[in-house]
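Everything below concerns the one structure shown next.
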Amino acid sequence: MTTISDQLPLAARLLDVLAWLAPDDLPRDILTPISANPADLDGALALLASYSMITLTDTTVSAHRLVQAVTRAHQATIGDAATGQPGLAAGKLLADAAPSDPRTNVADWPRWRSLLPHIDALADHLPEATDDDEVSYLLDRAATYQQGQGQYAAAITKFRRALAASQRIRGDDDPGSLASAHNLAFAYRAAGQLEEALPLYEATHASYRRIFGEDHPNTLGSANNLAGAYRATGRLEEALPLYEATYARYRLTLGEDHPDTLLPASNLAVAYQEAGRLEEAIALQEATYAARRRVLGEDHPSTLTSAGNLASAYYEAGRLDEAIALFEATHTASRRILGEDHPDTLTSANNVALAYKHAGRLDEAITLYEATHTTCRRILGDDHPTTRTIGANLDAARDEHT
């Protein structure tokens, strides 16, 4: 390493950064900000490759594990590892490369899949006490992507660490810290851990109201999610008025067709359905679905959610032909847009199978339940609420068939 430092300091800087990441297949473009001159960067990478310290392709860099370990050990001897400086530099590069909107920006999901091994390696190597704002942001965004993919345990671990770093650096009442707390609560709820989710939602919403006021977008978003947590725990008498008040405030502050307004509209319609107010539920779901198609487009994940919710309302109202047609169309679109293994695709498959069963098409229902349950066990695990629900539905269909 001394020889490399003497020949080309940029190569040594690259090696310091690569030591904190996964050994295989780092996208080369992530390293671009290290040097203002692309030719210098290519030369430094070529030098490291000539010493067999890294392996290059046209698009990726792979570092040898022993070289990474030796480099980190060398940093420890000079004090860099204790402060996390090279690791923090690696974290900034990853944060700068992270795509926006990781939950719904489907086109960038392959990028997230390429980044995740390196984010995980960085988290493993970097002392938590040294996490800075860039690392906290990176972990939060990666967790958001993983939550959307049904990787709840990994998401919760990252959200917890991101929140701890934000609170340490900026304090509990900082908007970034409140957003991290909110994201962690959302992950708990998605994972079925409602006992952890609800008090965190309540505390975060109280903080938003105290700091920003009732009509601030962050306050309204937290109110919507707190209402969802109440609904998930069966507390509809608390969920419904909070949904209604939140939806009214969104319409007043942002307008009828704003994407943020359409979210509490959809959630309120689901709550109406659960409360047995089907006419109100269907009318609101139809309006929300039409607005999302117009504003967001047919293929947006939120539009697919609205389609599934409307189909569910039709099903509940006994409008089975309409429900099956819309469930099938939504499942086909989910498979194409989100992928076969996405949690929303699995939910849509369950909905199709349930409608088939209700229509007396038991053979089709059982076949789809079996395939979906197998995928759920592989992707989400045996104990996930979706896996358990589909397993119970499969058992019921088999019992009815016999």
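The values are calculated or read from the model by the stated rules, or taken from the named source; none is laboratory data. Keep in mind the model is a prediction, meaning the values are calculated, not measured. Neighbour counts are summed over all protein chains in view; Cβ atoms, including those assigned to glycine, are modelled from backbone coordinates with ideal geometry. Ligands, DNA and RNA are stripped out before the accessible areas are found, and what is left, the full protein with its side chains, is counted by its heavy atoms. Shrake-Rupley method; radii C 1.70, N 1.55, O 1.52, S 1.80 Å.
Listed options for Rg/Rh (Cα atoms, Kirkwood Rh) are (1) 1.34; (2) 0.95; (3) 1.04. The value calculated from this structure is the one marked (3). Taking a Cβ cut-off of under 15 Å around Glu316, the surrounding Lys, Arg, Asp and Glu residues balance to a net charge of -3, with basic ones at +1 and acidic ones at -1. Counting only protein chain heavy atoms and rolling a 1.4 Å probe, the accessible areas of Lys92, Lys158 rank, largest first, as Lys92, Lys158. Among Gln75, Leu45, Pro9, which residue has its Cα positioned farthest towards the positive end of the charge dipole of the range 1-151, with +1 placed on the Cβ of Lys and Arg, -1 on the Cβ of Asp and Glu, and the dipole taken about the Cα centre? Among Gln75, Leu45, Pro9, the one farthest towards the positive end of the dipole of the range 1-151 is Leu45. Here each label is just a point 7 Å from Cα along the line to Cβ, and for Glu128 and Arg388 those points are 2.7 nm apart. How much of the accessible area of the chain, probe 1.4 Å, is carbon plus sulfur, in whole percent? For the chain, the apolar C and S fraction of the accessible surface comes to 51 percent. At a probe radius of 1.4 angstrom, the accessible area of the chain per residue rounds to 44 square angstrom. Taken as Cα centroids, the range 272-330 and the range 77-145 sit 37 Å apart, rounded to the nearest whole angstrom. Legend: calculated FRET efficiency, Asp260 to Asp96, from the Cβ-Cβ distance at R0 = 30 Å, rounded to 0.05, equals 0.65. 3J(HN,Hα) along the range 172-183, derived from phi through the Karplus expression 6.51 cos²θ - 1.76 cosθ + 1.60 where θ = phi - 60°, amounts to 5, 8, 5, x, x, 5, 5, 5, 5, 4, 4, 5 Hz, with x in place of Gly and Pro. Helix 362-379 and the longest principal axis of the C-alpha atoms of the chain enclose an angle of approximately 30°. Of the residues Asn351, Ala162, Ala269, the one whose Cα sits farthest towards the positive end of the charge dipole of the chain is Ala162 (charges of +1 on Lys and Arg Cβ, -1 on Asp and Glu Cβ, taken about the Cα centre). Among Arg319, Arg231, the order of accessible area from largest down is Arg319, Arg231, computed with a 1.4 Å probe on protein heavy atoms. Seen against the Cα atoms of the chain and their longest principal axis, helix 133-148 is set at about 40 degrees. In this rough spin-label picture, where each label sits 7 Å from Cα along the Cβ direction, the Leu252-Ala39 distance is 6.3 nm.
Gln146 sits among other residues whose Cβ lies under 12 Å from its own Cβ, and their net charge, with Lys and Arg +1 and Asp and Glu -1, is +2.
As a calculated quantity, the FRET efficiency between Thr59 and Arg294 at R0 = 45 Å, using C-beta atoms, amounts to about 0.70. As I understand it, the value is the acute angle between the Cα axis of helix 85-97 and the longest principal axis of the Cα atoms of the chain; what does it come to in degrees, rounded to 10? So the helix axis and the longest Cα principal axis differ by about 50 degrees.
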